[in-house]
Amino acid sequence: MIRTTVLTAARRVLLVLGMPAVLFAVWWFATADSTDFYVPPLATILQKFGEVWTVERLLSDVVPSLIRLVAGYLLAVVVGVGLGLVVGMSRVVRDVLEPVLELFRAIPPPVLVPVIMLFAGIGDTMKVIVIVSGCMWPILLNTVEGVRAGDEVLSDTCRSYGITGVARLRHLVLRSASPQIVTGMRQALSIAIILMVISEMFAAINGLGFTIVQFQRSFAIPEMWSGVLLLGLLGFALSLLFRFAENRVLAWYHGLRRAQRNP
Amino acid sequence: MLDVRNLQKIYTGRNRNVEALRNLTFHIGAGELVCLVGPSGCGKTTLLKCMAGLLTPTGGEVTLDGHPVTGPPPGMAVVFQEYGRSLFAWMNVRDNVALPLRRKKLGKTREKELVDHALEVVGLADAHQAYPWQLSGGMQQRVAIARAVAFEPKVLLMDEPFAAVDAQTRAELEDLIRHLWRELGVTVLFVTHDIDEAVYLGQRTIILSTSPTVVQEDLTIDLPDERDQLHTRSSTRFAELRAHVYEQIQRAKHHNGDAEAPKDDDPDTLTDDRSHDLAVQNTES
């Protein structure tokens, strides 16, 4: 028994780490003898990684980026879910807003950066607004879908027991829409990271995107690559964190799905 | 106690109107256990939803203790057929039962007492922490019943609650309902399409016609009060009553509010969702 558990766990770890390890090995050996200025050997990049990303640097450039990311993302969740509830629960509001929402959603958010800069300046506000304006759409639209798909029997049950108003919103509407809301939030997370970097590339005095562009402009190529690597790691860590939170919040949903698959 | 007077329900659709209920009048006294039986698609669910205040009738009225029912009345609990869809999948059994009580502001102690007792009487004393989807269908319906019991309703409406559970579980749950009814002194209206169930459970059985629905017969079930699956079901009187109800249902299939008129669209063919859509359009137009 224990043997099989250990073997299964080992197999899982192998499957998870296998592909990244292979890719790194390919990168390592393919660039080992590289003399190309723009494609430095991975060994050099890793060495620079240690030199560049010191604690001071993390504090001065990564932390501001993360704060903007978190602020923009949370704001997008609040606006997206809040608006999604209103739109999802009222047919009239939906009919009025849906075409407009589809239009806004179709505008690629990076295009908005110069526009937003005009009225929000080049400070943190602008960057947060850019993140919100890009990543609220998947949250909003998924919330609307989730609210609309609410079960009629459950809704009748709530009505007959007098569960109305805020209690209904909290215990019925939000919870039953939560699988879709989480789906929207997962899509929004990757968009938020992209927009964080892009907004910092336009105009900034610190941040990850800013630092990477600075390295590129001063032809510090291995340093630039180390920044890209750090971004990748950051995205990976955030998605792990997200999955951890999701497994807690949606434990009931995964259980329900499993129960429905093998009755 | 619970009165239905000249109740009529017409679903208004885009191209057609469907008259589900034609003209229903009956009375349920306090503390009675009444079964409502009829051919499938005769508008039983429509009737129950009108009585529960979940659907506005086109004509006539439902009154509870003399007060017209215009929305879900506070002293009423409903148990639906689709147990899987009437429980909160994101709450454990205990929270499912306790949620409707929060609004009553009874205090922690009383609330705990009610929930414990309700889960005890339905035989789920050790399933408090389980989630509904971890339980069998019969047990899920027990949770829904416990929720209704804890709510301490004056009237309990049940819409074919055992239609989706297996036969053995069904027999157990039928006895549970009789037990609860006697212990709690609650008024119960039990909707079913199962003739045996309609005879076994109730003190009275109201037989409905096909749609557009009228009351076909209001039958007193004169079986002794002490009933059990084995002896009651094998008694001669049970067989007689059962045969009578069966005949009435067969007759009901060819009889409705307008026996002469060409057969209307059968609301039987409307799915739940569609009839709901029609109802929504009705209220909006």
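Output the qualifying pairs, or none if there are none: Cβ atoms under 9 angstrom, residues six or more apart or on different chains, first residue in segment A:201-220 and part of a loop (DSSP other than H, G, I, E, B), second residue of a type in the set (Ser, Thr, Tyr).
Going by the 9 Å Cβ cut-off, the qualifying pairs are A:Asn206/A:Ser60; A:Asn206/A:Ser65; A:Gly207/A:Ser65; A:Gly207/A:Ser199.
Taking B:Leu33, is it touching a helix residue (DSSP H, G or I) at 6+ places or on another chain (Cβ under 6 Å), modelled with pLDDT of 90 or more and over 28 Å from B:Val245 (Cα atoms)?
When the stated conditions are applied, B:Leu33 does not pass them.
Before we move on, is B:Ala127 assigned to a loop (DSSP other than H, G, I, E, B) and more than 10 Å from every other protein chain (Cβ to nearest Cβ)?
Taking the combined requirement at face value, the residue satisfies it.
Checking A:Val197 against (1) surrounded by 16 or more Cβ atoms within 10 Å (Cβ to Cβ); (2) aliphatic (A, V, I, L, M); (3) without any contact (Cβ under 8 Å) to a residue 24 or more places away in the chain, only one condition comes out false. Which one?
Answer for A:Val197: the failing condition is (3).
Exactly one condition in (1) outside any helix (DSSP H, G or I); (2) within 17 Å of A:Val93 (Cβ to Cβ) is not met by A:Phe104; state its number.
With respect to (1) outside any helix (DSSP H, G or I); (2) within 17 Å of A:Val93 (Cβ to Cβ), A:Phe104 is out only on (1).
Test each condition in (1) hydroxyl-bearing (Ser, Thr, Tyr); (2) under 23 Å from the mean Cα position of the chain (by Cα); (3) over 23 Å from A:Pro109 (Cα atoms) for A:Thr211 and report the one that comes out false.
Among (1) hydroxyl-bearing (Ser, Thr, Tyr); (2) under 23 Å from the mean Cα position of the chain (by Cα); (3) over 23 Å from A:Pro109 (Cα atoms), A:Thr211 violates only (3).
For B:Val199, indicate whether it is closer than 24 Å to B:Ala243 by Cα, aliphatic (A, V, I, L, M) and assigned to a strand (DSSP E or B).
So B:Val199 does not fit the description; no.
Name every residue in segment A:90-109 that is surrounded by 16 or more Cβ atoms within 10 Å (Cβ to Cβ) and not basic (Lys, Arg), in order of residue number.
Of everything in segment A:90-109, those that are surrounded by 16 or more Cβ atoms within 10 Å (Cβ to Cβ) and not basic (Lys, Arg) turn out to be A:Leu97, A:Leu101, A:Pro109.
Return the pair list, or none, for Cβ contacts closer than 9 Å from residues in segment A:145-165 that are at the interface with chain B (Cβ under 7 Å from one of its Cβ atoms) and part of a helix (DSSP H, G or I) to residues that are exposed (fewer than 15 other Cβ atoms within 10 Å of the Cβ) and not acidic (Asp, Glu), at least 6 apart or on different chains.
These pairs meet every condition: A:Arg159/B:Gly71.
Filter segment A:153-206 down to the residues that are under 14 Å from the mean Cα position of the chain (by Cα) and among the small types (Gly, Ala, Ser) and list them by number.
A:Gly184, A:Ala188, A:Ser190, A:Ala192 - these are the residues of segment A:153-206 that are under 14 Å from the mean Cα position of the chain (by Cα) and among the small types (Gly, Ala, Ser).
Quick check on segment A:124-135. Is at least one of its residues part of a helix (DSSP H, G or I), of a type outside the set (Lys, Arg), more than 11 Å from every other protein chain (Cβ to nearest Cβ) and without any contact (Cβ under 8 Å) to a residue 12 or more places away in the chain?
The answer is yes; a qualifying residue exists.
For segment B:202-214, which residues satisfy the criterion of being modelled with pLDDT under 85 and part of a strand (DSSP E or B)?
The answer is B:Thr213, B:Val214.
Limited to segment B:87-98, what total is found for residues that are under 17 Å from A:Asp156 (Cβ atoms) and without any contact (Cβ under 8 Å) to a residue 12 or more places away in the chain?
0
If A:Leu14 satisfies every condition in (1) more than 23 Å from A:Thr211 (Cβ to Cβ); (2) outside any helix (DSSP H, G or I) but one, which is the exception?
Only one criterion is unmet by A:Leu14, namely (2).
Spot the failing condition for B:Ala148; the list is (1) on the phi > 0 side of the Ramachandran plot; (2) outside any loop (DSSP other than H, G, I, E, B), and only one is missed.
Among (1) on the phi > 0 side of the Ramachandran plot; (2) outside any loop (DSSP other than H, G, I, E, B), the lone unmet condition for B:Ala148 is (1).
Of everything in segment B:230-244, what is in a helix (DSSP H, G or I), surrounded by 13 or more Cβ atoms within 10 Å (Cβ to Cβ) and not β-branched (Val, Ile, Thr)? Give them in sequence order.
Scanning segment B:230-244 gives B:Arg233, B:Arg237, B:Phe238, B:Leu241, B:Arg242, B:His244.
Anything in segment A:200-209 that is buried (at least 20 other Cβ atoms within 10 Å of the Cβ) and either within 14 Å of chain B (Cβ to nearest Cβ) or at negative phi (or both)? List them, or say none.
A:Glu200, A:Ala204, A:Leu208, A:Gly209
Output the number of residues of segment B:107-130 satisfying the condition of being in contact (Cβ under 8 Å) with a residue 24 or more places away in the chain and surrounded by fewer than 22 Cβ atoms within 10 Å (Cβ to Cβ).
Number satisfying all stated conditions: 9.
Restricting the first residue to segment A:226-247 and requiring it to be surrounded by 11 or more Cβ atoms within 10 Å (Cβ to Cβ), which pairs with a second residue that is outside any helix (DSSP H, G or I) meet a Cβ separation below 9 Å and a spacing of at least six or different chains?
Qualifying pairs under 9 Å: A:Ser226/A:Trp53; A:Gly227/A:Trp53; A:Leu230/A:Trp53.
Could you give me the residue pairs with C-beta distances under 6 Å whose first residue belongs to segment A:36-48 and is modelled with pLDDT of 90 or more, whose second residue is of a type in the set (Ser, Thr, Tyr) wherever it lies, and which are 6+ apart or on separate chains?
These pairs meet every condition: A:Pro41/A:Thr31; A:Pro41/A:Ser34; A:Leu42/A:Thr31; A:Ile45/A:Ser226; A:Lys48/A:Ser226.
Could you please give the count of residues in segment B:160-208 that are in contact with a strand residue (DSSP E or B) (Cβ under 8 Å, 6 or more places away or on another chain), over 18 Å from B:His231 (Cβ atoms) and of a type in the set (D, E, K, R)?
So the count comes out to 3.
Looking at this structure, is B:Arg142 crowded, with 23+ Cβ neighbours inside 10 Å, among the basic types (Lys, Arg) and more than 14 Å from chain A (Cβ to nearest Cβ)?
When the stated conditions are applied, B:Arg142 passes them.
List the strands (runs of 3 or more DSSP E) inside segment B:22-103, counting only whole elements, that have at least 3 residues being away from chain A (no Cβ under 11 Å) and among the aliphatic types (A, V, I, L, M).
In segment B:22-103, B:33-37 are the strands (runs of 3 or more DSSP E) which contain 3 or more residues that are away from chain A (no Cβ under 11 Å) and among the aliphatic types (A, V, I, L, M).
Please tell me if B:Gln168 is out of contact with any Asp or Glu (no Cβ under 9 Å at 6 or more places or on another chain), closer than 27 Å to B:Leu124 by Cβ and within 14 Å of chain A (Cβ to nearest Cβ).
no
When you check A:Ser218 against the structure, is it at pLDDT below 95 and in contact with a strand residue (DSSP E or B) (Cβ under 9 Å, 6 or more places away or on another chain), yes or no?
So A:Ser218 fails the test.
Please specify each residue of segment B:67-106 satisfying the condition of being surrounded by fewer than 17 Cβ atoms within 10 Å (Cβ to Cβ) and either touching a Lys or Arg at 6+ places or on another chain (Cβ under 9 Å) or more than 22 Å from B:Lys9 (Cβ to Cβ) (or both).
B:Gly71, B:Pro74, B:Gly75, B:Arg85, B:Asp95, B:Arg102, B:Arg103, B:Lys104, B:Lys105, B:Leu106
The values are calculated or read from the model by the stated rules, or taken from the named source; none is laboratory data. As the structure is a computational prediction, the values presented were derived from the model and not from experiment. Please note: Cβ atoms are built from the backbone with ideal geometry, for glycine as well, and neighbour counts cover all protein chains shown.
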